[in-house]
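The values are calculated or read from the model by the stated rules, or taken from the named source; none is laboratory data. Since the structure is predicted, the reported quantities are computational estimates derived from the model, not experimental observations. Cβ sites come from the backbone with ideal geometry, for glycine too, and all protein chains shown count toward neighbours.
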Amino acid sequence: MDLVTMTVKDSWVEAERHLRIIPRNIELLMFATIQPIMFVVLFVYVFGGAIEVPGFSSYDQFLIPGIFSQSLVFGSAFTGVGLAEDLSKGLVDRLRSLPMSRAAVIIGRTISDLVRNVITFLVMLVVAIWPIGFRFEGSLVEAVLATLLLLLFSFALSWVQALMGLSVGSVEAANSAGFIWMFPVTFVSSAFVDPASMPDWLEPVADANPFTIVTNAARALYNGNPVGNNAIYSILWSVGIIVVFAGLSIRKFNRSTSA
């Protein structure tokens, strides 16, 4: 069996291992979906009447794609926490002793977390459409493309979280480190307000933020607006992050030992 085939098969076995845990730990899935629902409801009903965004029929149409983006990015934190937990329990050493691809351990984890993010997104979508009244003003193809861009970016950030989870000394540290950088990334962006309303020194930072680029691309596609080059830039950012951090994560995994 060649290396690529072995890695693919082993990765899927690892992904299945993590996916089987979800029905046994339904509380974790519930909390993972409650948080984005809270963001949707709070931002829409608390700030919806106070914020106007030119070019959109309502603030909801501007906000909901940003909530989708933020929630899927936050969902990537499970990768770092899960790997840190496996490392602390000694599971990493046991997996490395098996005749399997070492890269498959992390690939399987990121794939399983991607599936969990898909579930979270579907729950958010139902809440956004039914009580809130969000609508796809573009075509179905554009809506699917927007969703795929968000999921790809989330998958890319799972590799960032994987490196962090393998680099810290505990599950608690992985949880803190995983979220501490996501708040400025998601809030200093176009997720909730137009960056033009920010201070002059902060606006270019928000515009250059890859999270802003991905959010703008998804928002334009969901609302049937011109997307420009943002879709291409979103893909390039996601692929670039995956290439860099996948290499770093796998290298770190090969050198990691349980505490």
Options Ser170, Ser197; residue that is modelled with pLDDT under 95, surrounded by fewer than 19 Cβ atoms within 10 Å (Cβ to Cβ) and within 19 Å of Lys89 (Cα to Cα):
Ser170
Hey, among Ala32, Ala15, which residue is under 21 Å from the mean Cα position of the chain (by Cα), surrounded by 13 or more Cβ atoms within 10 Å (Cβ to Cβ) and at pLDDT below 80?
Ala32
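Go through the range 45-72 and count every residue that is aliphatic (A, V, I, L, M), closer than 21 Å to Asn225 by Cα and not in a helix (DSSP H, G or I). Before you say what the answer is, go through the steps one by one.
First, pick out the residues of the range 45-72 that are aliphatic (A, V, I, L, M): 46, 50-51, 53, 63-64, 67, 72.
Retained after the next criterion (residues that are closer than 21 Å to Asn225 by Cα): 51, 53, 63-64, 67.
With the extra rule that they be not in a helix (DSSP H, G or I), the set shrinks to 51, 53.
Number of matching residues: 2.
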Pick from the range 221-239, criterion within 19 Å of the chain's Cα centre (by Cα) and free of Cβ contacts under 8 Å to residues at least 24 places away in the same chain, ranking: nearest to Val81 (Cα to Cα):
Leu236
Is there any pair linking a residue in the range 119-130 that is hydroxyl-bearing (Ser, Thr, Tyr) to one that is outside any helix (DSSP H, G or I), with Cβ under 7 Å and at least six apart or on different chains, and which?
none
Of those in the range 124-161 that are of a type in the set (Ser, Thr, Tyr) and buried (at least 23 other Cβ atoms within 10 Å of the Cβ), the residue nearest to Val73 (Cα to Cα) is Ser154
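Return the only residue of Phe245, Phe211, Phe253 being more than 16 Å from the chain's Cα centre (by Cα), buried (at least 19 other Cβ atoms within 10 Å of the Cβ) and on the phi < 0 side of the Ramachandran plot. Show your work before the answer.
Values: Phe245 fails: more than 16 Å from the chain's Cα centre (by Cα); Phe211 fails: more than 16 Å from the chain's Cα centre (by Cα).
Within the list Phe245, Phe211, Phe253, the selection yields Phe253.
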The one condition Asp2 fails out of (1) in contact (Cβ under 8 Å) with a residue 24 or more places away in the chain; (2) more than 20 Å from Arg219 (Cα to Cα) is (1)
Six or more apart or on different chains, Cβ under 8 Å: which pairs go from a residue in the range 14-27 that's among the hydroxyl-bearing types (Ser, Thr, Tyr) to one that's in a helix (DSSP H, G or I)? Could you list them?
none
Checked against (1) part of a helix (DSSP H, G or I); (2) modelled with pLDDT under 80; (3) closer than 30 Å to Pro99 by Cβ, Thr5 satisfies every condition except (2)
Which pairs do you get when a residue that is of a type in the set (Val, Ile, Thr), found in the range 79-100, comes within reach of a residue that is modelled with pLDDT under 75, reach meaning Cβ atoms under 8 angstrom, with the pair 6+ apart or on two chains?
Val92/Ser256; Val92/Thr257; Val92/Ser258
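Surrounded by fewer than 23 Cβ atoms within 10 Å (Cβ to Cβ) and within 24 Å of Asp60 (Cα to Cα): is that true of Ile111 in this structure? Before you say what the answer is, go through the steps one by one.
Numbers: surrounded by fewer than 23 Cβ atoms within 10 Å (Cβ to Cβ): yes; within 24 Å of Asp60 (Cα to Cα): no.
No, not satisfied.
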Pick from Phe68, Phe74, Phe56: which is under 26 Å from Pro184 (Cα atoms), touching a residue at least 12 places away in the same chain (Cβ under 8 Å) and surrounded by fewer than 22 Cβ atoms within 10 Å (Cβ to Cβ)?
Phe56
Residue check, Leu63 against (1) closer than 30 Å to Ile250 by Cβ; (2) modelled with pLDDT of 75 or more; (3) within 19 Å of the chain's Cα centre (by Cα), all met but one. Which one?
(1)
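Check Val123, Val171 and return the single one that is among the hydrophobic types (A, V, I, L, M, F, W, C) and closer than 24 Å to Val13 by Cα. So that I can check it myself, show each step before the final result.
Values: Val123 fails: closer than 24 Å to Val13 by Cα.
The conditions single out Val171.
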Go through the range 82-108 and give me each residue that's crowded, with 20+ Cβ neighbours inside 10 Å and within 16 Å of Asn175 (Cα to Cα).
Gly82, Leu83, Ala84, Asp86, Leu87
